[in-house]
Every structure is written in structure tokens, then in C-alpha cells.
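To start, the structure itself, in C-alpha cells.
The values are calculated or read from the model by the stated rules, or taken from the named source; none is laboratory data. Computed from a predicted model, the values in this text were never measured in an experiment. Note that each Cβ is placed from the backbone with ideal geometry, even for glycine, and that neighbours are counted across all protein chains shown.
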Amino acid sequence: MNRYPLLSKTAVIGFLMVLLMMPLSMVSNLVVERTQTREQATREVARAHAGEQTLTGPVLHVPYTETYTRTVVVDVARNTQREETVRETHVATVFPTTLDTRSRLTTEIRWRGVFPVTVYSSHHDSAGRFVWKGVSAREKGGQITLGQPWVTFGVSDLRGLLGRPELKLGGHLLAIAASPAGAHLPLPLAAPLDATLLQPGATLDFTLGMDLAGTERIGFVPLADDNKVTLTSPWPHPSFGGDFLPRSRSVSAEGFEASWSVPSLSTQAQQQFLNDTKERTPVESFSVSLENPVDVYRLTERATKYGLMFIVLTFAAFFVLEMVRRWRIHPMQYLMIGAALVLFFLLLLSLSEQVGFLLAYLAASAGCIVLLTHYLRHVLGGWRPALGMSGLLVALYGVLYGILISEDNALMMGSLLLFGVLAAVMVATRRIDWYNVMGSREEPVRA
């Protein structure tokens with residue numbers, strides 16, 4: 001190998017990069033572990049406060065009995081028949097023709113150790129209308145007898161109710177309670193309704209007021225024929241999700257306001273709701289998440305994914321300049337430099353949990369650059385080459401930060417960076433006689 005110093009040096013540097021992948025992988029695993037710990041902290045806060053909430057309903061639930069007489073053949077040979085009375089039980093589910101909900105939401109940060117969790121309190125005022133068209137007998141001559149009607153609605157986590165909801169129908173205040181077990185109602189909250197109100201063609205206007213607490217996300221199921229929801233909050237970083245985006249929204253540093261308008265023709269929520277008790281199919285909904293827009297774990301995870309590229313680019317710069325400037329850098333010194341680069345990602349993770357990602361990135365990169373500048377001063381034999389390499393590291397850290405905060409442009413920025421590095425290497429080595437370098441010993445010339 002002494003006959004080919006360039007090949008041997010390249011092989012050693014390649015081995016060092018593979019070796020440094022081990023601690024870099026350990027840092028990546030630590031990021032995943034801390035992310036899981038953060039999620040556990042969120043679940044613990046949700047257990048003590050209330051979990052994610054999805055509002056469903058209200059829905060009119062009307063059991064009824066159909067009674068009819070049918071003829072049954074007793075003896076085919078003698079052609080004897082008899083009549084018997086049959087009673088069949090069915091349920092009519094009536095969705096609102098209109099439902100207009102106006103919601104206000106305020107947020108609060110709860111801490112579980114070093115992990116922040118966003119919780120909220122919300123107030124909802126809904127107004128809508130039921131139209132009772134009646135039910136038709138399935139059998140000829142059948143008689144319909146209505147059972148006890150119920151107005152039902154639900155939230156995902158009943159612990160989030162901050163008081164008894166107030167439901168008025170036809171100007172009368174209904175008594176809301178947990179759905180009776182024997183009634184087999186599809187939603188957890190219910191109020192009994194006077195059956196005499198259900199005359200064919202009756203229009204039943206209602207209002208529903210409710211205070212609700214939750215954690216990180218709130219959603220709505222569009223079960224009415226015409227659904228309108230308006231949500232306002234001082235939270236400045238909403239993330240809209242689910243099956244429908246807002247028709248209009250305004251987001252500023254003072255908060256956001258979003259409005260949804262979902263007609264039944266645009267959604268399968270009603271049919272999915274009717275099938276849910278049998279098939280457990282998911283029901284379409286829309287939601288707002290109150291997650292932190294600068295998730296330190298997501299950003300740190302993305303940073304570690306670029307860790308190997310960061311090390312390769314730094315080693316490539318040292319290697320090329322070693323060839324061009326005739327520096328002598330020992331493999332152990334390469335290993336020390338690589339260890340400092342890996343340690344940056346560990347510092348970034350630990351500091352970002354305390355002071356936020358931007359300050360953590362500045363502190364970790366500044367610490368590593370100062371350390372490497374001091375180290376390279378002795379390795380390269382002076383401040384001038386050490387400061388030159390430090391300037392390169394500053395540029396690399398700056399580009400990496402730009403890639404991290406510009407997720408939509410990350411591919412373009414990464415591609416331009418690699419193209420720029422390749423162009424710089426080709427320009428810097430354009431006059432090198434590689435045949436002569438590969439077959440001769442390096443001369444101990446310092447910068």
C-alpha cells in the first residue's frame with residue numbers, strides 16, 4: 001500500500017466514514033427514543049386533561065314498531081292456513097337538514113418534564129333543524145308505533161366536558177345524560193324527546209351549547225345535509241387536516257379563523273355513520289391540529305439524516321485541500337474531526353429540548369466550529385488555514401439549517417449544494433497529475 005499512498009489514504013478515510021456512521025446511528029436512535037418519550041408525555045397529559053376531541057351530531061334516533069298480519073300455511077296437503085300477528089322493531093335515524101356551528105378555542109401549554117403539550121378549552125354554539133317526515137310501513141297494512149325518541153350527540157372523550165351541555169329543541173330545554181345502556185344508541189350523550197312532537201312534516205329547530213376541553217386536535221363530523229363550521233382561536237399555527245379543508249381561513253400572529261361548508265352531497269359521512277355500528281368504518285371528518293410548528297425532534301431527525309452527507313462533504317474538502325495544498329492530516333485527526341461533527345447532532349438534540357431549535361442550532365454549531373478552529377490551528381500549522389476551513393464549516397452549517405427550515409425546497413437546496421461541491425472539487429483539482437500523485441509519497445509540506 002505504500003506504493004499507492006493516495007489509494008491507501010482514500011481507503012482509510014472511507015473506513016473512518018463508515019466507522020462514524022455507528023455513533024451517528026446511535027444519535028438517530030436517541031432522537032426516535034426522545035420522540036416516543038414526548039408522545040408518552042402527551043398521552044399522560046391527555047389522560048389527566050382530555051384527549052383529542054371529535055364532535056359528532058346531534059342526530060335524531062327514533063325506534064318504532066311495525067305491527068302487521070300475515071298468512072302462514074299450516075298444512076300444504078290440506079291447504080290450511082292461519083293468520084298471525086308480527087311485530088318488527090326498527091330504528092329511524094334522522095340527520096339535521098342544517099347545522100351551523102360557531103366555535104371558540106383557547107390554548108394553554110402544559111409541561112411534562114421538558115416536553116410541552118398543547119391543551120385547549122373550547123366553547124361551541126350550534127343551531128340546526130330536524131324535519132320529521134315520518135316512517136312508512138314496510139308491509140301492506142302495517143301499523144307504526146313510535147317508541148321513545150332520542151336526540152343523541154357525542155364527543156371523543158367525555159372527560160373533556162366542562163359542564164352539562166345545553167340542548168334546546170322547539171324552545172324546550174332537554175335533559176342531557178349518558179346514553180342508557182338498554183337503548184342501544186349510537187352516540188354517548190342523549191336527551192329524551194316527547195314523541196308527540198314527531199308529527200309527519202314537523203320542523204324541529206334546536207340549539208346546542210357546549211364547553212369542551214381537549215389536547216392538540218379538535219375535529220368535526222359533517223352529518224347534516226348542510227354543514228357549516230366556523231372556528232376562531234388565538235393559536236397562531238393551526239394545521240388543517242381531515243377529509244375537508246376550510247373554504248376560507250385567515251392566519252396571523254394573533255390567531256386564526258377558519259370556516260368549513262360541507263354539503264351532504266360532498267361526503268359519505270351519513271352512510272358511514274349508519275354502517276359504523278356494524279362494520280366500524282371510519283367516518284369522514286375535518287380537524288385542526290395545534291401542534292408546535294417547530295418540532296425540535298422532527299427537525300433534529302431531519303438533521304441527522306443529512307449527517308453522513310455533512311461528514312462526507314467535510315472530509316472531501318479536507319482531502320482535496322490536502323492534495324492541492326500538500327497538507328498532511330493523519331487519519332486519527334480525521335477521526336477527531338468526524339467525532340466533533342457527530343457530537344454536533346447530540347448537542348443539537350439535548351439543547352433544543354431546553355432553549356428551542358434555533359438557539360440550540362446556533363449554540364451547537366458555534367461550539368463545534370470554535371473547537372475545530374482551535375484544533376485545526378495546530379493540525380494545519382497556523383490560524384490562516386484553520387480560519388479558512390472554519391469558514392467552510394460555517395457555510396456548511398448555514399446551508400444545512402436552510403435545508404432544515406425549508407422543507408419544500410430541501411431537495412433543490414441539497415442538489416445545488418452537491419453540485420457546488422462537485423464543481424469546487426473539479427476546479428481545485430484540475431491541475432493535479434493523478435498518475436503522479438497515486439504513485440508517489442506525500443511530501444511533508446505544511447501550509
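Tell me which residues, restricted to the stretch 230-258, are assigned to a loop (DSSP other than H, G, I, E, B) and either under 13 Å from THR107 (Cβ atoms) or of a type in the set (Asp, Glu) (or both). Before you say what the answer is, go through the steps one by one.
Taking the stretch 230-258 and keeping what is assigned to a loop (DSSP other than H, G, I, E, B), we get 234-238, 243-247, 253-254.
The answer is PRO234, TRP235, PRO236, HIS237, PRO238, ASP243, GLU254.
Return the residues of the stretch 132-165 that are more than 36 Å from the chain's Cα centre (by Cα) and hydrophobic (A, V, I, L, M, F, W, C); say none if nothing qualifies. It would help to see each step written out before you state the result.
From the stretch 132-165, those more than 36 Å from the chain's Cα centre (by Cα) are 132-149; that's our starting set.
Across the stretch 132-165, the qualifying residues are TRP132, VAL135, ALA137, ILE144, LEU146.
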**Asked** Consider ASN227 against the criteria (1) farther than 19 Å from HIS123 by Cα; (2) in a strand (DSSP E or B): it satisfies all of them except one. Which criterion is unmet?
**Response** (1)
**Asked** Within the group MET332, MET323, which residue is hydrophobic (A, V, I, L, M, F, W, C) and either touching a Phe, Trp or Tyr at 6+ places or on another chain (Cβ under 9 Å) or in contact (Cβ under 8 Å) with a residue 12 or more places away in the chain (or both)?
**Response** MET323
**Request:** Please note which strands (runs of 3 or more DSSP E) are completely contained in the stretch 166-207 and include at least 2 residues that are more than 24 Å from LEU274 (Cα to Cα) and under 41 Å from the mean Cα position of the chain (by Cα).
**Result:** 166-169, 172-174
**Message:** As an exercise: evaluate ASP211 against (1) modelled with pLDDT of 95 or more; (2) among the charged types (D, E, K, R); (3) surrounded by 17 or more Cβ atoms within 10 Å (Cβ to Cβ) and give the number of the one condition it does not meet.
**Reply:** (3)
**Message:** So, ARG104, is that one surrounded by 13 or more Cβ atoms within 10 Å (Cβ to Cβ) and modelled with pLDDT of 90 or more or not?
**Reply:** yes
**Request:** Could you look through the stretch 274-293, keep only residues that are among the β-branched types (Val, Ile, Thr) and either at pLDDT 85 or above or outside the structural domain of PHE220 (by TED's automatic domain parsing) (or both), and pick out the one that is surrounded by the most Cβ atoms within 10 Å (Cβ to Cβ)?
**Result:** VAL288
**Fill in**
With criteria (1) surrounded by fewer than 19 Cβ atoms within 10 Å (Cβ to Cβ); (2) touching a helix residue (DSSP H, G or I) at 6+ places or on another chain (Cβ under 6 Å), PRO149 comes up short on (1)
